[in-house]
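Written out below as structure tokens is the structure these notes cover.
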Amino acid sequence: MGKILRRTFLIGTGLVAGGLAVGYYAASRPWPNPLEDDLAEGEATLNPYVIVGADGAITIIAPRAEMGQGVATTLAALVAEELGVPLDAVTIEHGPASGAYYNSAVLEESGPFPVFAESFAAEATRSVSGKLGEVLGLQITGGSSSVRDGFDKMRHAGAMARHLLLAAASEHLGATPAKLTIEGRDIVSPDGARVSIGKIASAAAVLTPPAEIALKDPKDWMILGRSQKRVDLHAKVTGAPIFGIDVDLPGMVYGTVRMNPRLGAGIRSADTSAAEAMPGVIKVVRLDTQTGTGFGVIAKNTWAAFKAAEAIEVVWEEAPYPADTESIMNVFRETAAGSWNGSSYRDDGDVELAFADAPADSVITADYEVPYLAHATMEPMNATAQFGNGELTIWAPNQMPTILQTVCAGIAGIKSDRVTVNTTYLGGGFGRRGEVDFAIYATLLAMQADGKPVKVTWTREEDMTHDTYRPAAVGRFRARVADGVPQALDMRIATPSIMKSMGRRIFPSMPMGGPERLLTEGAFDQPYTIANYRVTGIETAMAVPVGSWRSVGNSFNAFFHECFLDEIAAKAGQDPIALRLKLMANYPLAVAVMEKLAGISHWDEALPDGKAKGVAFTLSFGSWVGEVVQIAQAPDGIRIEKVWAVAEIGRALDPGIVTAQIESGIVFGLSSAIGQAITFSDGMVSQENFYDYDAMRISQCPQFEVAILENSQKLGGVGEIGTPPSIPALANAVHALTGQRIRSLPLNREVNFA
Amino acid sequence: MQLTINGESRDLDVDPEMPLLWALRDIAGIKGPKYGCGVAACGACTVIIDGIATRSCVTAVGDVTGDVRTIDGLAQGEKLHPVQQAWVEEQVPQCGYCQAGQIMNAVALLEETPNPTDAEIDDAMQGNLCRCGTYPRIRAAIKRAAAQMPAQTASEG
């Protein structure tokens with residue numbers, strides 16, 4: 001079953017009729033090649049990334065979730081470049097869940113160091129953390145890490161496959177491998193003799209690959225570094241059934257869930273009889289899980305399941321957190337203000353001393369707050385599962401298939417190797433699909449479905465009210481300003497631990513401890529030099545489930561840091577870009593970004609009345625990003641006219657996709673800054689749907705101008721980096737336009753937007 | 001219940017109160033229109049009925065009298081509709097989930113208004129949410145399609 005269905009989710013065109021994978025890293029194989037389990041009789045495989053069909057057709061495995069960020073195109077391009085075949089000549093698949101597709105880059109920067117730290121301790125931590133991803137076999141799409149992780153290993157996979165194919169063809173054609181070329185599905189010798197790749201692939205597969213192989217010099221690249229046509233667009237403009245919600249299987253039944261809206265609480269009493277009696281309803285199942293308690297409905301169609309779920313009468317238990325937003329925020333306000341100890345990932349100079357003798361008129365203080373946020377992916381949470389004969393198969397739009405495999409095996413009481421996870425396209429991810437709840441519920445319903453596959457789709461309301469939210473946070477900041485610069489900056493940031501919240505949902509038996517980078521990333525790790533500079537994260541217990549939301553801690557810490565820096569600039573009588581340039585002087589990559597940004601945004605030119613600009617900078621995911629937002633006062637409110645972005649990412653492997661991602665990240669950030677907030681009342685999330693949790697619409701969307709810099713020796717991430725600076729840049733523009741310093745998001749609580 | 005979907009007559013055994021979206025997806029097996037909100041707030045489910053862009057998630061299947069066009073029937077075999085072609089050329093989709101609705105809404109717009117202004121594009125496309133933020137490329141693709149679509153399709157709308 002796995003084979004055929006895995007290949008239902010092809011990214012390119014055409015099906016592979018059987019195949020053979022070609023050698024990759026034979027010298028070092030920490031994980032077995034998962035394709036070995038998935039070949040028909042007579043086929044063989046050595047390589048997790050390249051399959052050659054009997055007809056010579058080449059399939060490339062791009063083992064990261066395609067959620068819009070273009071990863072299938074760029075990962076395939078890494079292999080195709082070295083293999084020496086055009087991107088439009090190959091088929092691209094996500095492939096199976098396997099530890100072989102581990103991501104080491106996602107954990108590399110998980111330690112208490114900024115990305116520019118080059119100390120022994122910083123490098124050692126990166127190395128050990130990166131190794132962890134390999135040992136654990138973490139196949140994760142997240143942390144803007146896919147290309148950084150795949151850059152070397154997928155180019156090697158392509159080069160090794162080419163080496164083996166040419167070696168095998170050379171025996172057949174009687175010419176040395178170096179003289180052979182790949183043309184279409186053939187390998188061709190200088191004298192014009194040719195052999196089908198399919199014909200020699202089995203011979204190639206049994207050759208011993210060399211221990212080392214040279215990669216192309218980037219100046220010889222034909223595909224990388226140039227904008228490619230995305231490989232997934234034909235499917236996406238024709239409505240092809242590629243998403244999790246589109247899964248269709250023989251005998252399939254349909255389901256939904258209705259979980260306790262008081263998140264993490266149980267059930268006091270319930271009556272499911274009315275729901276069970278409704279037409280089309282097959283079964284109502286109680287769900288008691290590590291991610292929530294409630295009910296699942298199995299029905300003959302989705303609409304019947306939705307109606308029945310609504311008809312369940314249930315009295316929920318009380319929430320394990322304060323019942324309303326104000327009471328929740330008060331907890332953070334208390335820990336931010338009080339003498340609670342936190343972890344200071346940055347503590348330069350002597351901050352206490354610097355404030356002890358500061359003249360009162362040199363000190364500014366400010367309190368900042370951000371709300372919880374929902375991911376609100378366009379495709380609501382869903383998963384399809386089938387259970388029978390001790391085997392579980394899952395089809396789900398997800399960001400971490402190997403973890404789904406482990407967790408759902410535990411739920412079903414079977415071993416992981418009896419679980420197959422098929423990753424479909426994702427109708428948006430933004431971190432929400434790096435969770436397990438949707439797959440756990442589908443697994444439990446499948447176990448009650450007499451062996452039939454069950455597609456479990458959440459309503460938008462269920463999705464909105466049962467998210468793993470971007471955490472709320474409260475900041476208490478002070479600065480001592482003299483001689484046009486901050487002499488001291490002290491930031492205290494109170495927010496819950498995302499890692500511990502995720503840990504409780506994913507591996508509840510494994511307690512997680514220690515301080516956490518996510519609390520203050522985007523604030524402690526910025527390329528500024530200030531004599532006395534301390535950033536303290538105060539991990540504050542709160543049972544509201546929180547998770548990764550595009551750019552994670554950076555999404556609020558950038559707002560805190562960059563808006564307060566704007567306040568410091570005002571106090572110092574400095575232009576915001578001039579002050580940043582002064583503080584960044586030790587970091588040439590950052591300086592280049594800000595100088596370029598000042599240039600393209602015409603920062604120094606005066607604007608007419610009723611228009612203003614704001615600026616912000618954030619180093620996140622290894623990329624250095626500055627943004628300027630220009631706004632205008634219109635009769636119907638503030639209009640965002642244009643955003644300029646400059647991003648230093650090391651190397652743009654596909655400039656078109658990089659630009660699209662930066663724009664996308666900005667729209668995502670601006671949407672939240674303008675008007676998004678998740679609030680609580682009676683222990684439940686108040687927002688239900690897009691009518692009360694909206695995002696930017698086409699009429700609100702600004703023009704963009706994006707410049708990409710490639711000065712850094714290190715590759716930076718791309719998918720999340722547009723988001724962090726967009727939020728403070730807009731808030732700073734609002735201040736410049738209106739004089740209002742808004743320290744609590746969203747901004748539309750204070751000003752109107754068109 | 002008799003429905004004409006993409007020019008084909010279909011007999012569907014459904015409760016007439018079922019939203020057209022679910023009748024299409026779960027009963028007729030037509031997966032192009034997507035479920036996003038269920039309350040006509042996002043446009044992912046957009047189909048065209050008698051030339052009008054319609055949110056299939058809030059349209060009871062029993063109330064449908066006209067011919068239903070979905071993204072699944074937009075291309076003529078291998079030949080993409082000019083709006084689809086423009087979407088490819090401008091490299092519009094990211095996650096792609098909202099794009100079936102965006103494209104159908106744009107087709108209805110261009111059939112009614114062959115050369116829309118920016119304000120007319122905003123007005124028509126305002127109900128179609130995209131969380132990936134592909135709006136600038138959607139706008140460019142609509143203009144590109146407008147330049148390429150034969151004028152007579154407008155009068156038919």
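The values are calculated or read from the model by the stated rules, or taken from the named source; none is laboratory data. A quick note: this is a predicted structure, and the numbers were derived from the prediction, not measured. For neighbour counting, all protein chains shown are included, and Cβ atoms are generated from backbone atoms with ideal geometry for every residue, glycine included.
Scan segment A:424-433 residue by residue and report those that are in contact with a Lys or Arg (Cβ under 8 Å, 6 or more places away or on another chain) and either without any contact (Cβ under 8 Å) to a residue 24 or more places away in the chain or within 11 Å of chain B (Cβ to nearest Cβ) (or both).
A:Leu426, A:Gly427, A:Gly428, A:Phe430
Name the residue, out of A:Val474, A:Val454, A:Val421, A:Val436, that is within 14 Å of another protein chain (Cβ to nearest Cβ), surrounded by 24 or more Cβ atoms within 10 Å (Cβ to Cβ) and either touching a residue at least 24 places away in the same chain (Cβ under 8 Å) or over 30 Å from A:Asp350 (Cβ atoms) (or both).
A:Val454
Just to be sure before I move on: is A:Asn330 on the phi < 0 side of the Ramachandran plot and free of Cβ contacts under 8 Å to residues at least 24 places away in the same chain in the structure I sent?
Yes, satisfied.
For segment B:96-126, how many residues are touching an Asp or Glu at 6+ places or on another chain (Cβ under 7 Å) and more than 12 Å from chain A (Cβ to nearest Cβ)?
Of the residues in segment B:96-126, 2 are touching an Asp or Glu at 6+ places or on another chain (Cβ under 7 Å) and more than 12 Å from chain A (Cβ to nearest Cβ).
What do you reckon, is A:Thr393 surrounded by fewer than 24 Cβ atoms within 10 Å (Cβ to Cβ), closer than 21 Å to A:Tyr254 by Cβ, β-branched (Val, Ile, Thr) and more than 22 Å from the chain's Cα centre (by Cα)?
It is true that A:Thr393 is surrounded by fewer than 24 Cβ atoms within 10 Å (Cβ to Cβ), closer than 21 Å to A:Tyr254 by Cβ, β-branched (Val, Ile, Thr) and more than 22 Å from the chain's Cα centre (by Cα).
Where residues in segment A:490-516 are in contact (Cβ under 8 Å) with a residue 24 or more places away in the chain and in contact with a Leu (Cβ under 8 Å, 6 or more places away or on another chain), which of them is farthest from A:Ala354 (Cα to Cα)?
Once the filter is applied, the top-ranked residue is A:Ile498.
For the condition crowded, with 24+ Cβ neighbours inside 10 Å, in a helix (DSSP H, G or I) and not aromatic (Phe, Trp, Tyr), what is the one hit in A:Leu164, A:Leu132?
It is A:Leu164.
Working only within segment B:1-45, note down all residues that are within 11 Å of chain A (Cβ to nearest Cβ) and assigned to a strand (DSSP E or B).
B:Pro19
Could you pull out the residue among B:Thr54, B:Thr70, B:Thr59, B:Thr46 that is of a type in the set (Ser, Thr, Tyr) and surrounded by fewer than 22 Cβ atoms within 10 Å (Cβ to Cβ)?
B:Thr59
Filter segment B:51-95 down to the residues that are within 10 Å of another protein chain (Cβ to nearest Cβ) and on the phi > 0 side of the Ramachandran plot and list them by number.
Once the filter is applied, which keeps residues that are within 10 Å of another protein chain (Cβ to nearest Cβ) and on the phi > 0 side of the Ramachandran plot, segment B:51-95 yields only B:Gln91.
Determine whether segment A:639-652 contains at least one residue that is more than 23 Å from the chain's Cα centre (by Cα), assigned by TED's automatic domain parsing to the domain that holds A:Phe560, assigned to a loop (DSSP other than H, G, I, E, B) and surrounded by fewer than 24 Cβ atoms within 10 Å (Cβ to Cβ).
No, because not a single residue in segment A:639-652 is more than 23 Å from the chain's Cα centre (by Cα), assigned by TED's automatic domain parsing to the domain that holds A:Phe560, assigned to a loop (DSSP other than H, G, I, E, B) and surrounded by fewer than 24 Cβ atoms within 10 Å (Cβ to Cβ).
What single numbered condition from (1) part of a loop (DSSP other than H, G, I, E, B); (2) over 25 Å from A:Gly130 (Cα atoms); (3) touching a strand residue (DSSP E or B) at 6+ places or on another chain (Cβ under 7 Å) fails to hold for A:Ala65?
(2)
Specify the residue that is farthest from the chain's Cα centre (by Cα); the eligible residues are those in segment A:666-711 that are hydroxyl-bearing (Ser, Thr, Tyr) and either away from chain B (no Cβ under 14 Å) or within 23 Å of A:Phe559 (Cβ to Cβ) (or both).
Ranking the qualifying residues of segment A:666-711, first place goes to A:Ser681.
Residues being among the charged types (D, E, K, R), surrounded by fewer than 18 Cβ atoms within 10 Å (Cβ to Cβ) and closer than 12 Å to A:Cys701 by Cβ: count how many of those fall in segment B:113-148.
Matching residues across segment B:113-148 total 2.
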